[in-house]
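Let me begin by presenting the structure, written as structure tokens, before commenting on it.
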Amino acid sequence: MLPFDLLKIPIFSMSVMTSILSFTAQMMSLIAMPFLLVNTFHYDAVGTGLLMTSWPLVIVFVAPLAGILIGKIHPGILGGVGLIIMSIGCFSLSFVPTDTNHFGLVWRLMLCGMGFGFFQSPNNHMLLTSAPPQRTGSASGMLATARLTGQTIGAALVALLFHIYGDTAPHDAMLLAGILSLCGALSSALRLRVSLPK
């Protein structure tokens with residue numbers, strides 16, 4: 001089920017771990033944000049949906065740019081910087097004042113989307129290219145597994161935070177997402193010390 005031989009490749013396993021951390025943070029943010037917008041800022045369903053589109057919208061523009069930069073900047077740097085940007089966005093949403101206007105929420109969400117956009121393409125590239133050419137299929141499967149694992153953990157953590165903290169759970173979830181993004185940035189940066197397999 002799991003390609004243990006590929007997981008023995010340090011840069012591959014580090015990329016998998018970085019992916020899990022980032023998708024855990026992303027899913028926590030995306031699940032917590034509607035509750036934050038509805039309960040704290042009193043937006044309706046339409047307003048909440050419109051505001052949240054700012055996150056994926058900025059990815060549409062940032063991800064292709066990140067893809068272009070892969071050949072010029074080490075993916076570990078691009079991914080690390082992206083996750084630092086995402087963590088800043090998550091922290092700013094966790095401590096956002098209750099009197100913040102639409103623009104104040106939008107730029108914070110766009111910051112998260114920008115960071116994730118700069119992370120995803122370089123990380124996927126490094127994960128897939130670190131595997132031998134004949135194992136590309138297994139590497140691709142591991143990429144999907146890492147993404148789903150992170151999303152599942154993120155959703156479960158938000159549910160746990162609601163159970164423990166109640167109404168403050170969205171703020172706590174964004175705070176934890178910021179911390180996990182920083183951990184992912186560290187994991188991404190550590191790949192600079194590991195060479196690609198030949």
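The values are calculated or read from the model by the stated rules, or taken from the named source; none is laboratory data. For clarity, every value in this text was computed on a predicted model and none was experimentally measured. Because the Cβ atoms are built from the backbone with ideal geometry, glycine has one as well, and the counts that use them run over all protein chains shown.
As for the stretch 123-145, it holds no residue that is crowded, with 18+ Cβ neighbours inside 10 Å, among the hydroxyl-bearing types (Ser, Thr, Tyr) and in contact with a Ser or Thr (Cβ under 6 Å, 6 or more places away or on another chain). Here is the figure for the stretch 28-65: residues that are crowded, with 20+ Cβ neighbours inside 10 Å and either touching a His at 6+ places or on another chain (Cβ under 9 Å) or without any contact (Cβ under 8 Å) to a residue 24 or more places away in the chain (or both) total 2. Of the residues making up the stretch 1-49, just one is in contact with a Cys (Cβ under 7 Å, 6 or more places away or on another chain) and of a type in the set (Ser, Thr, Tyr), namely Ser29. The single residue among Leu157, Leu127 that is modelled with pLDDT of 95 or more, touching a helix residue (DSSP H, G or I) at 6+ places or on another chain (Cβ under 7 Å) and of a type outside the set (Gly, Ala, Ser) turns out to be Leu157. Determine if the stretch 35-47 includes at least one residue that is closer than 21 Å to Pro122 by Cβ and at pLDDT 90 or above. No; the residues of the stretch 35-47 include none that is closer than 21 Å to Pro122 by Cβ and at pLDDT 90 or above. Filtering the stretch 11-47 to residues that are over 19 Å from the mean Cα position of the chain (by Cα) and among the hydroxyl-bearing types (Ser, Thr, Tyr) leaves Thr40, Tyr43.
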